[in-house]
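In what follows, a structure is listed as structure tokens, so that the remarks can point back to it.
Just so it is clear, none of the values below were taken in a lab; they were calculated from the coordinates. Remember, it's a predicted structure, so these values are computed and weren't measured experimentally. Here the Cβ is made from the backbone with ideal geometry for all residues, glycine too, and neighbour counts use every protein chain on show.
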Amino acid sequence: MDLNTVAAIRQARERADLALAPGEAILGGGSWLFSEPQNHLIGLVDLTTMGWASIEVTESGLSIAATCTFTELSRFELSASAPAWAAVPLLRQCCTALLGSFKIWHAATVGGNICLALPAGPMTSLGAALDAEALIWMPDGRDRRVRVLDFVTGVESTVLQPGEVLRSIEIPTRTLTSRTGFRKIALSPLGRSGTVVIARLDTDGGFAVTVSGGTDRPVQLSFDALPTAGELATRVHGIDNWYDDAHGAPDWRRAMSAHLAEQLRTELAVTA
């Protein structure tokens, strides 16, 4: 869609360029920004020209730039010299939860998906499930970090303050070495995710289930060890922020989340 109120697009080259003038907004991939009228905007600041490396293996884990596209993330593979991270397949699995054409995958970004804060945002699911931190650039030049689990506070609501920019999400080695399981379900084969459930079995025996898509913000249920079926079901049914829209009623989302969580508990218990 043409944004006929936008008169200029600035290309950001350095951090100072991200200071927004009245009526400006940050442009990442633009897959949502150009999908509907933005009559309040008169200018855009292109984040993709900052030249950030899309994905970097660091001493502490994996750093995924906000400008990393779904295509780039889905194709990430560890080199022969890199650590053995069992959770890497989850990167592509979460990408597949965004049902879009290859054109969307080439444009949509990790940061844009998280900042949009829709319940079915699969990058929010990924970051929350792997205990990632969001690195936020503040307008005064300082940085702050927030767990992705806490970054999204509700439907289209985040902790970002005016002038702040999501720089990257940082996934720790601790969770990258975990075994993971992924499930999603929708009311129709080509429908938006009704719920997304991701389970993680850590090397120290800890177990976590993260529910998103069916809730207005991600919810993580943590256990010191693999729970029983009853313990897990009780915790899932205790979630109180189920989302209600045309893609699923709260009671259906609750039931499906509990069902998928039990599937994952059984799957990860095989070699626990």
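The table for this structure:
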quantity	calculated
Amide H contacts of residue 68 (H built 1.01 Å from N, under 5 Å, at least 5 apart or other chain)	110, 111
Between 0 and 90°, nearest 10: helix 250-269 axis offset from the chain longest Cα axis	70 degrees
Anisotropy class of region 53-174 from Cα gyration tensor, a/c 1.5 cut	oblate
Order of 256, 138 under a 10 Å beta carbon neighbour criterion, fewest first	138, 256
Whole-Hz ³J(HN,Hα) from phi, Karplus 6.51 cos²θ - 1.76 cosθ + 1.60, for region 10-23, glycine and proline x	9, 9, 7, 10, 9, 4, 4, 5, 8, 5, 8, 7, x, x
Magnitude of the charge dipole, region 8-49, Cβ model with Lys/Arg +1 and Asp/Glu -1, debye to 20	80 debye
Charge context of residue 240, other residues only, Cβ under 14 angstrom, K/R +1, D/E -1	+1
Cut-off 10 Å between beta-carbons: net charge of the residues surrounding residue 261, Lys and Arg +1, Asp and Glu -1	+2
Distant-in-sequence amide H partners of residue 27 (H built 1.01 Å from N, under 5 Å)	45, 46, 47
Within the chain, longest stretch clear of exposed trypsin sites (Lys or Arg not before Pro) (DSSP loop, no more than 15 other Cβ within 10 Å)	143-272
Charge context of residue 54, other residues only, Cβ under 12 angstrom, K/R +1, D/E -1	-1
Long-range HN-HN contacts of residue 185 with modeled amide H, under 5 Å	194, 195
In Hz, Karplus ³J(HN,Hα) per residue of region 84-98 (6.51, -1.76, 1.60; θ = phi - 60°; x = Gly, Pro)	7, 9, 5, 8, 4, x, 5, 4, 6, 4, 5, 4, 5, 6, 8
Fraction in percent of alpha-carbon pairs per bin - 5 Å, the chain	1, 6, 13, 17, 18, 17, 13, 8, 5, 2, 1, 0
Karplus-derived 3J(HN,Hα), 6.51/-1.76/1.60, for each residue of region 50-62, Hz, glycine and proline x	6, x, 6, 5, 4, 9, 10, 7, 10, 5, 9, x, 10
Residue 2-residue 153 pseudo-label distance in nm [points 7 Å out on the Cα-to-Cβ vector]	3.8 nm
